[in-house]
Structure formats: C-alpha cells, structure tokens
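Okay, so here's the structure we're looking at.
The values are calculated or read from the model by the stated rules, or taken from the named source; none is laboratory data. The structure displayed is predicted, hence computed values, not measured ones. Note that each Cβ is placed from the backbone with ideal geometry, even for glycine, and that neighbours are counted across all protein chains shown.
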Amino acid sequence: MRLVISDLGGVAVDNADAVPAIAAELGMTAEAFRALMGEDTRLLMAGTITPYEFWSRFRDRTGREVEEDLWEREFRPRTNPAVLTLIDRVRRRARVVAGTNTMEPHWPALQRLGLFASFDAVYASHRMGLVKPDPRFYWRILAEEECPPTEALFFDDVLENVAGAREAGITAWQFRDPGSLESALRSCGLLNGRP
C-alpha cells in the first residue's frame, strides 16, 4: 500500500461535531436540527452554499433569525494525539493524506490546531465540491495522488463513508479507537517495530 487516506473528524480530531451545541443554542434536539437542515448541511460541506445562505434557509423554515454563524462559533475541535502519532509512523512507509467532510466555517479552527502538518495533503469536501460517501470524492483523491484504488487504504469513523470508499475500490475500515487502528495498520505492513 502506498497511500493512506484518513478522515479527520472522529478520527484525528475529537469534538468535531458542532451540531449538538448548535441545536442546544437554538433550543432544539440535535436530531431535529439534522432532520430540518440535513440537506443544507451537505450543501455547506460541498461548498455549494455559504454559511449566510445556510442560516437564511434556516430562517425561512423556522422564522428565527440567527445573527452569528453558529457553525463557526460552536466548533471546538481537539486533536487526537494517539492517532496523529500513528499517522506520523505510517508516513515513514507511505503517503498519508486527509480526506474530510468539512466546511468553510470550520477551516480556520482546523488550521489553528496545526493538524495539517501531520498529513502530506488535505482533501476537504468544501474545496472539492464533493462530499463523502460519494465515490467521486475518493476517485478525485486517487486521481490527484496518481494512485490506483488497489494501492490505497481508507479509514473513517462513519460506516457509510467506509462503504463509499469500498465502492470506489479502496480497502477501507471503520475507525473505532487508536488501538484497533494500530492493529489494522500493522496487519497491512504499514507499522513495524516500536514508535
């Protein structure tokens, strides 16, 4: 394997889901917010609409004006040091890139973490115009990296995204914790010896 594609939120980054905090601010459950705004959230992650357009659509549906971009305000990510250590070790044997569903309001916070230095490249949905689990998301990365799917690995905490990568022909597995990730990477020959 010569290319490893890692998700960010829920893998290399903890506390990446801003929806519960946004919903609480709006006096809604996270489930109700997702049901109401799910497709618009997807469009925001694809870079198809702006945060302003997102909150305008929210206002049109609810009659409530949101003065501040809650996507930016309520996003408080933290790095997962154990995963980043594994990624650093894998980079000694293969190219490691991030493939993430994210949005423009989250980009500055992710940059401030210094996270991107842990990867050889970062492929973000809002800049690609493609959102996982669409197989075209993975094909775009493979094309950019000039790597056939049979020589790539992908891991993500969301099973639907793992299925999308498999549909694109990539070996993929669901991330559960750093220990199981280390075992999987070792079984693929990407980790040897001690850290």
Does Phe137 fit the bill of being touching a Gly at 6+ places or on another chain (Cβ under 9 Å) and assigned to a strand (DSSP E or B)? no
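Whether any residue in segment 38-51 is in contact with an Asp or Glu (Cβ under 6 Å, 6 or more places away or on another chain) and at pLDDT 95 or above is what I want to check. Break it down stepwise before answering.
Taking segment 38-51 and keeping what is in contact with an Asp or Glu (Cβ under 6 Å, 6 or more places away or on another chain), we get 51.
From what is left, the residues that are at pLDDT 95 or above are 51.
Looking for residues that are in contact with an Asp or Glu (Cβ under 6 Å, 6 or more places away or on another chain) and at pLDDT 95 or above, one finds at least one in segment 38-51, hence yes.
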Can you pull out every residue in segment 1-32 that is surrounded by fewer than 16 Cβ atoms within 10 Å (Cβ to Cβ) and either in a helix (DSSP H, G or I) or touching a His at 6+ places or on another chain (Cβ under 9 Å) (or both)? Pro20, Ala24, Glu25, Ala30, Glu31, Ala32
Taking segment 33-66 and keeping only residues that are in contact with a Phe, Trp or Tyr (Cβ under 7 Å, 6 or more places away or on another chain) and not in a loop (DSSP other than H, G, I, E, B), one is left with Met37, Asp40, Leu44, Pro51
Working only within segment 124-164, note down all residues that are crowded, with 21+ Cβ neighbours inside 10 Å and either of a type in the set (Ser, Thr, Tyr) or not assigned by TED's automatic domain parsing to the domain that holds Met103 (or both). Ser125, Tyr138
Residue check: is Leu44 crowded, with 17+ Cβ neighbours inside 10 Å, in contact with a Ser or Thr (Cβ under 9 Å, 6 or more places away or on another chain) and not assigned by TED's automatic domain parsing to the domain that holds Ser125? yes
Quick check: anything in segment 58-79 among the β-branched types (Val, Ile, Thr), crowded, with 18+ Cβ neighbours inside 10 Å and closer than 23 Å to Asp157 by Cβ? no
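Determine which member of the set Thr85, Thr79 is within 18 Å of Ala16 (Cβ to Cβ), touching a residue at least 60 places away in the same chain (Cβ under 8 Å) and not aliphatic (A, V, I, L, M). Walk me through it before giving the result.
Working: Thr85 fails: within 18 Å of Ala16 (Cβ to Cβ).
Testing whether each residue is within 18 Å of Ala16 (Cβ to Cβ), touching a residue at least 60 places away in the same chain (Cβ under 8 Å) and not aliphatic (A, V, I, L, M) leaves just Thr79.
Out of segment 67-106, which residues are part of a loop (DSSP other than H, G, I, E, B) and small (Gly, Ala, Ser)? Spell out how you get there, then give the answer.
Initial filter on segment 67-106 (part of a loop (DSSP other than H, G, I, E, B)): 67-69, 74-77, 80, 91-94, 101-103.
Passing the criteria: only Ala94.
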